[in-house]
Structures are given as C-alpha cells and as structure tokens.
1. Applying 1/(1 + (r/R0)^6) with R0 = 41 Å to the Cβ-Cβ distance of Ala139 and Leu171, what FRET efficiency is obtained, to the nearest 0.05?
2. Hey, which of these cross-link pairs are over 26 Å Cα-Cα: Lys24/Lys90; Lys84/Lys191; Lys61/Lys191; Lys24/Lys136?
3. On a 0 to 90° scale, report how tilted helix 143-162 is relative to the longest principal axis of the chain, with both axes built from alpha carbons and the result rounded to the nearest 10.
4. Sum -39500 (n - 2.57) across every DSSP H segment of at least 4 residues in the chain, then divide by the residue count to get the 222 nm mean residue ellipticity, nearest 500.
5. Compute the helix-to-body angle for 90-105: its Cα long axis versus the longest principal axis of the chain, expressed 0 to 90° and rounded to tens.
6. What relative contact order, as a whole-number percentage, does the chain give when Cα pairs under 8 Å and 6 or more residues apart are counted?
7. Sorted by average packing, counted as other Cβ atoms within 10 angstrom per residue and highest first, what order do 64-71, 6-13 take?
8. Most mobile of Ser56, Ser111, Ser79 per a Gaussian network model of the chain (Cα springs, under 10 Å)?
Amino acid sequence: MDPTLWLGITAGLMHVVAFALYNKQMLRGTSIPNAATWTLWTFLTVLNVSSYAVMSGDLVKSILPAASSIACIGTFLFSLYKGKLSRMDKWDGFALAIGLVLGFVWWWYHSAICANLILQLSVAISFVPTYRGVWKNPATEKAFPWYLWSFAYVLSIIVVVLRWQGQYVDLVYPVNCLILHAVVGLLTTRKTA
C-alpha cells in the first residue's frame with residue numbers, strides 16, 4: 001500500500017484523537033472553547049475541505065482536512081449542546097464578522113485556488129479570538145491537543161511533498177494551520193505575571 005496513504009490516514013486519525021482529547025478537557029472545564037473561533041471554524045471548515053480537495057485534486061492530501069472538518073463540526077455542536085462556549089466580546093464579534101465576510105468572498109471566485117487562499121486568511125483571522133483569550137489567561141486551553149493538531153499538519157505537509165505535483169498552493173493550508181495551532185500551544189505554556 002502507498003505509504004503516503006498511511007501518512008494521510010495517520011494525520012487524520014491524529015486530528016480525531018486531538019478533538020476527542022479536547023472534548024474531554026472541555027467537559028472537565030480545563031479547556032474553554034472560544035465562541036467566535038469555533039463558530040467560524042464550523043462554517044469555514046466545510047468550505048476549506050471542499051476547495052482544498054478540488055484545488056489539490058488529490059484525495060490522499062484531503063484526508064486530514066476531511067477528518068478535521070467532521071471532528072470540528074462535531075466538537076462545535078457538542079460544545080454548544082453542553083453550553084461550554086465562552087461568551088463573545090465585541091472584538092470576538094468583530095473577528096467573527098470579518099471571517100464570515102471573507103468566507104463568503106470565495107463564492108465570487110470560480111477558482112478553487114483563489115477560494116482556498118482566501119479561506120486561509122479567514123482561518124487565520126478566526127484564531128485571533130482564541131489567541132486573545134489564551135494571552136489573557138493561558139489556563140483557558142491545554143497545550144497537548146494543539147500540539148497534536150500541529151504534528152498532524154506536519155504529517156500532512158510530508159504527504160503533500162511526497163505527492164508533489166508542482167503546486168506550491170497545496171502547501172499553504174497545512175503550513176498555515178501548523179503555525180496557527182502551534183501558536184495556541186505555545187501561548188498555553190506562557191506564564192502570566
């Protein structure tokens with residue numbers, strides 16, 4: 001069997017495990033999902049996986065985005081059902097509005113590449129409320145799931161490189177998400193004064 005398929009499946013499973021750990025932490029109250037971030041992710045993840053799959057034209061490269069999308073939607077619905085989302089402040093609402101607008105902008109383009117690149121900007125903006133919350137109080141998140149998600153993106157980058165078809169745009173999504181997730185992990189380890 002193709003080793004890149006195994007790497008893709010491993011990356012997808014790592015994401016699912018990280019979401020399961022995150023959900024467990026959420027139930028314990030040791031992770032508090034930011035309402036603006038998770039609302040945006042639920043909307044953007046569906047657009048992201050569909051545009052990435054079309055753009056890359058490679059189902060193996062799309063295993064991680066698909067697993068992430070399903071698990072993200074499940075986590076959002078679970079946190080909504082359990083009433084575990086944080087309250088939004090005006091800055092969270094502002095980031096949510098910008099992210100939603102950028103998410104809709106991709107509909108104007110008939111190019112999966114343009115759509116996916118615009119969505120990467122939306123995804124980056126969607127992390128701002130979580131960054132703000134973790135900066136104020138690092139205890140609102142635990143590092144391990146964020147590092148596990150980050151490592152899954154490392155595996156995804158390896159899959160993209162091993163299945164290289166000369167499209168640098170295939171790297172934008174996994175590199176962007178590797179950095180964004182790793183920063184949350186790093187912020188959780190920050191000591192406050």
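Coordinate-derived values only; no laboratory data. Since we're looking at a predicted model, the values are computed, not measured. Backbone-built Cβ (ideal geometry, glycine too); neighbour counts: all protein chains shown.
1. 0.75
2. Lys24/Lys90; Lys61/Lys191
3. 10
4. Dividing the helical sum by the residues of the chain leaves -27000 deg cm²/dmol.
5. The helix 90-105 is inclined about 20 degrees to the chain.
6. 31
7. In descending order of packing, they fall as 64-71, 6-13.
8. Taking springs between Cα atoms under 10 Å, the residue moving most is Ser111.
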